[in-house]
Amino acid sequence: MLAVVMSILMLLAPFAQEQKNATLAFDNRSAESRLFGKGVTSGLEFYDVPITRQPNSGILIKLDYTRRNTTFSFDLHHRLSLDPSFVYPAEIITNVEVLSGGTTSIGTFTIVDTIKQGDAFEEAIDKVSKADVDRYVTPFGKKTVTMKLGSGSQSISIVGHSVIITRGTKNTRIDTPGQRIAIVSNFKFQEDRPGTLLTVD
């Protein structure tokens with residue numbers, strides 16, 4: 001009986017080691033000016049995403065070399081200025097794109113929410129900028145994007161595409177290069193496991 005138990009433990013040992021080592025290293029090489037702030041409760045760093053086609057101007061992430069397939073995920077949020085003149089309710093559609101290897105698109109991802117008066121983000125953010133222009137700026141909503149990537153060494157960049165604000169029958173589209181339209185946080189880089197798919201939760 002003891003021999004059977006030991007055999008089972010030996011079989012499980014490699015799996016346990018694989019689970020332990022599943023999280024991989026990455027380097028956030030975004031410009032310092034992209035840091036929006038840090039979550040007061042979570043301690044997570046939040047980054048501004050501008051509209052651009054230049055990877056170095058977006059949220060640039062260098063992924064460590066690996067021999068296995070991997071997944072990279074992040075939380076996507078709207079970027080809104082909820083000043084006293086903001087008109088509620090409003091439907092917000094924010095689109096970002098993930099680039100790899102320069103300007104090769106991995107995919108475009110969308111977050112859609114309707115914001116009503118009194119709505120707020122899930123936690124307070126200790127913002128880097130104390131300028132009056134950023135006083136009312138906040139993340140809003142959350143979508144977790146998970147991408148299935150191949151093995152090897154690569155860099156990805158999260159860039160802004162557009163945001164559409166709808167109030168009644170009136171639509172306002174923002175797609176001006178350089179405009180900060182989204183916020184991202186909670187980056188995770190892991191070894192791929194069976195059943196992992198490209199998803200937006």
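The values are calculated or read from the model by the stated rules, or taken from the named source; none is laboratory data. Nothing here was measured: the structure is a model prediction, and the numbers come from that model. Methodologically, a virtual Cβ is constructed for each residue, glycine included, from the backbone with ideal geometry; neighbour enumeration extends over all protein chains shown.
Taking residue 52, is it surrounded by 14 or more Cβ atoms within 10 Å (Cβ to Cβ), more than 18 Å from residue 148 (Cβ to Cβ), over 13 Å from the mean Cα position of the chain (by Cα) and touching a residue at least 40 places away in the same chain (Cβ under 8 Å)? Full working, then the answer.
Working: surrounded by 14 or more Cβ atoms within 10 Å (Cβ to Cβ): yes; more than 18 Å from residue 148 (Cβ to Cβ): yes; over 13 Å from the mean Cα position of the chain (by Cα): yes; touching a residue at least 40 places away in the same chain (Cβ under 8 Å): yes.
For residue 52, the condition - surrounded by 14 or more Cβ atoms within 10 Å (Cβ to Cβ), more than 18 Å from residue 148 (Cβ to Cβ), over 13 Å from the mean Cα position of the chain (by Cα) and touching a residue at least 40 places away in the same chain (Cβ under 8 Å) - is met.
Consider residue 124 carefully, then state whether it is modelled with pLDDT of 95 or more, exposed (fewer than 12 other Cβ atoms within 10 Å of the Cβ), at negative phi and of a type in the set (A, V, I, L, M, F, W, C). I'd like the intermediate steps shown before the answer.
On the way: modelled with pLDDT of 95 or more: yes; exposed (fewer than 12 other Cβ atoms within 10 Å of the Cβ): no; at negative phi: yes; of a type in the set (A, V, I, L, M, F, W, C): yes.
Here the answer is no, as residue 124 does not meet what is asked.
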Closer than 24 Å to residue 133 by Cβ, touching a strand residue (DSSP E or B) at 6+ places or on another chain (Cβ under 9 Å) and among the acidic types (Asp, Glu), is that true of residue 113?
yes
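Only one residue in 114, 138 is without any contact (Cβ under 8 Å) to a residue 60 or more places away in the chain and crowded, with 18+ Cβ neighbours inside 10 Å, so which one is that? Walk me through it before giving the result.
Values: 114 fails: crowded, with 18+ Cβ neighbours inside 10 Å.
The match here is 138.
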By residue number, the members of the stretch 94-108 that are touching a residue at least 40 places away in the same chain (Cβ under 8 Å), farther than 18 Å from residue 137 by Cβ and not in a loop (DSSP other than H, G, I, E, B) are 95, 97, 98, 99, 100, 106, 107, 108
Selection status of residue 85, loosely packed, with under 14 Cβ neighbours inside 10 Å and in a strand (DSSP E or B):
no
Here are 111, 115: which of them is within 15 Å of the chain's Cα centre (by Cα) and closer than 23 Å to residue 87 by Cα?
111
Hits in the stretch 154-201 - residues which are within 20 Å of residue 104 (Cα to Cα), among the hydroxyl-bearing types (Ser, Thr, Tyr) and at pLDDT below 95:
155, 199
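Here are some residues: 127, 142. Which one is under 26 Å from residue 39 (Cβ atoms) and in contact with a helix residue (DSSP H, G or I) (Cβ under 9 Å, 6 or more places away or on another chain)?
Details: 142 fails: in contact with a helix residue (DSSP H, G or I) (Cβ under 9 Å, 6 or more places away or on another chain).
The unique qualifying residue is 127.
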